[in-house]
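Q: Following this message is one structure expressed as C-alpha cells.
What follows draws every value from the coordinates through simple rules; no lab data is involved. Owing to the predicted nature of the structure, the values given are computational and were not obtained by experimental measurement. As a convention, Cβ positions derive from the backbone with ideal geometry for all residues, glycine included, and neighbour counts pool all protein chains shown.
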Amino acid sequence: MEQVNQEDWLDRELREAAPYIDDQGFTARVLQELPAPRRGHDLLRAVILLGMTFLASVLAYVVSGGGRFVSVTLERLAALPALWVFVLALASGLMIAAVGATAAISQGRASQT
Amino acid sequence: MELTDADLVARVLVDDDQNAFGELVRRHQSAVRGLLRQLTRTDVALADDLAQQTFLRAYKNIRSFRGEARFSTWLYRIAYNCFREDARRRKELVGIDEEQLQAQHDSQVANPGLRHDLMRALNLLPLNERSAVLLCCQNGLSHDEAARVLDIPLGTVKTNVLRGREKLKRMLADWGPN
C-alpha cells in the first residue's frame with residue numbers, strides 16, 4: 001500500500017512539474033515559417049471543374065439534337081400566361097438567392113474557425 | 001462544435017489550410033515544448049527551436065500521418081527525432097557529453113525544494129530512462145505509444161520506465177510519504 005501511495009505521489013509530482021506553457025507568439029512564429037500555400041492545387045481543381053463543365057455542355061448539346069430543346073422550351077414559355085412566367089422567374093430568383101446565402105454563411109463560418 | 005485533430009489534419013491535407021494547421025500548433029505547442037524542455041534539461045531557447053522545427057517537419061510530412069496513432073503521439077515522435085538529431089550534431093560539433101551538460105545544469109540549480117529536486121533527479125537519469133518516464137508518467141502515453149515514439153521495443157520501454165521510477169523514488173526518498 002505504501003508503495004502504491006508513493007507511486008501516486010511520484011506520478012502527481014511529475015505531472016505537476018509540467019505546467020501549461022503559454023503560446024506567447026510561438027504559433028505565429030511557426031506559421032510565419034511555413035511554405036506558401038499550394039496555389040497550383042487550386043488551379044488544377046479549377047481547370048478540372050471547368051473542363052468537365054465544358055465537356056458536359058458539348059455532350060448535352062450533341063445528345064439533344066443541336067440544342068433544339070432550348071428553342072422548344074422558349075416557345076413553350078412564350079405560350080405561357082404572363083403570371084406563370086412571373087412566378088417561374090420569381091421562384092428561380094429565390095432559389096438562386098437561397099443557394100448563394102447558404103454558401104456565403106458556410107464560407108463565413110469556415111473562415112471564422 | 002470543436003473540430004477534432006483528425007478534422008484539422010484533413011483540412012490541411014485537402015485544402016492546404018494553414019489556419020487549421022495553426023490550430024493544431026496551438027493545441028499541442030505546450031506539450032511538445034514541455035517535453036523538449038525536459039529532454040534538453042530546461043534549455044528553453046534550444047527546446048523552442050526544436051519545437052518549431054518539429055511543427056515545420058510535421059507540416060511538410062503531414063501526408064505520412066495515417067491516423068493509426070494519436071496526432072500528439074506522432075508529434076512526440078517527430079520531436080524526439082529532432083532532439084536526437086540535434087544532440088548527435090552538437091556532440092559531433094563541440095564534443096558536449098552528458099557529464100558536461102550535467103555539470104552545467106548543476107551550477108544552475110540554486111533553489112531548494114521538491115520541484116527542483118525532482119527536475120534534478122530527472123536530469124540525472126540516463127536519456128533512455130528519462131525519455132520513457134517523461135512520455136509515460138508525465139505526458140500520459142501508454143507503453144505501446146511510447147515504444148512508437150522512441151522507436152524501441154515495448155519490453156525495453158517497460159524496463160526503462162520501471163528503472164527510471166525506481167531511481168527517482170530512491171533519489172526523492174526524503175520527499176516521499178512515510
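Q: Could you give me the ³J(HN,Hα) list for segment B:6-12, computed from phi with Karplus coefficients 6.51, -1.76, 1.60 and θ = phi - 60°, whole Hz, x at Gly and Pro?
A: Those phi angles translate into 5, 4, 5, 4, 4, 5, 5 Hz.
Q: Rounded, prolate or oblate: which fits chain B when a ≥ b ≥ c are the square roots of the eigenvalues of the alpha-carbon gyration tensor, with rounded for a/c under 1.5 and prolate only if a/b beats b/c?
A: Taking the square roots of the gyration eigenvalues as a ≥ b ≥ c, chain B is prolate.
Q: What is the angle, in °, between the Cα long axis of helix A:82-112 and the longest principal axis of the Cα atoms in chain A? Nearest 10 is fine, range 0 to 90.
A: Computed tilt is about 20 degrees.
Q: With the dipole of segment A:23-79 worked out from charges on the C-beta (+1 for Lys and Arg, -1 for Asp and Glu) around the Cα centre, which of A:Met52, A:Ala78, A:Pro35 lies farthest toward the positive end?
A: A:Ala78
Q: Using a 10 Å cut-off around each Cβ, can you sort B:Thr54, A:Thr102, B:Thr159 from fewest to most neighbouring Cβ atoms?
A: Ranked by crowding around the Cβ, least crowded first: A:Thr102, B:Thr159, B:Thr54.
Q: On a C-alpha basis, how far is the centre of segment A:60-89 from the centre of segment B:52-74 in Å? Whole number, if you could?
A: Using only Cα atoms, the two centres lie 55 Å from each other.
Q: Let me ask something else. Helix A:39-63: angle to the longest alpha-carbon principal axis of chain A, degrees 0 to 90, nearest 10?
A: Approximately 30 degrees, to the nearest ten.
Q: Can you put B:Arg130, B:Arg89 in order, fewest other beta carbons within 10 Å first?
A: With the fewest neighbours first, B:Arg130, B:Arg89 line up as B:Arg89, B:Arg130.
Q: Mind pulling the angle between the C-alpha long axis of helix B:18-39 and the longest principal axis of chain B? Nearest 10 degrees, somewhere in 0 to 90.
A: 10
Q: Rounded if a/c is under 1.5, else prolate if a/b is larger than b/c, else oblate: which is segment A:17-113, with a ≥ b ≥ c the root eigenvalues of its Cα gyration tensor?
A: Judged from the Cα gyration tensor, segment A:17-113 comes out oblate (a/c at least 1.5, b/c at or above a/b).
Q: As a test of the formula, what do you get for chain B when each DSSP H run with n ≥ 4 contributes -39,500 (n - 2.57) and the sum is divided by the residue count, at 222 nm and rounded to the nearest 500 deg cm²/dmol?
A: The per-residue figure over chain B is -23500 deg cm²/dmol.
Q: Can you tell me which lysines have their Cα less than 28 Å from the Cα of B:Lys169? Leave out same-chain residues fewer than eight positions away.
A: Straight-line reach from B:Lys169, under 28 Å: B:Lys158.
Q: Let me ask you something else. Give me the net charge of B:Leu114's neighbourhood, meaning all other residues with Cβ under 13 Å from the Cβ of B:Leu114; Lys, Arg count +1, Asp, Glu -1.
A: Neighbourhood net charge equals -1.
Q: Still on this model: Fewest to most neighbouring Cβ within 10 Å: what's the order for A:Met95, B:Met171?
A: Listed from fewest to most nearby Cβ atoms, that is A:Met95, B:Met171.
Q: Let me ask you something else. Work out the mean other chain Cβ neighbour count within 10 Å for the residues of B:20-31 and drop it here as an integer.
A: Counting Cβ atoms of other protein chains within 10 Å of each residue's Cβ and averaging gives 4.
Q: Applying a 10 Å radius around every beta-carbon, put B:144-154, B:69-79 in order of their mean neighbour count, most first.
A: Descending mean neighbour count gives B:69-79, B:144-154.
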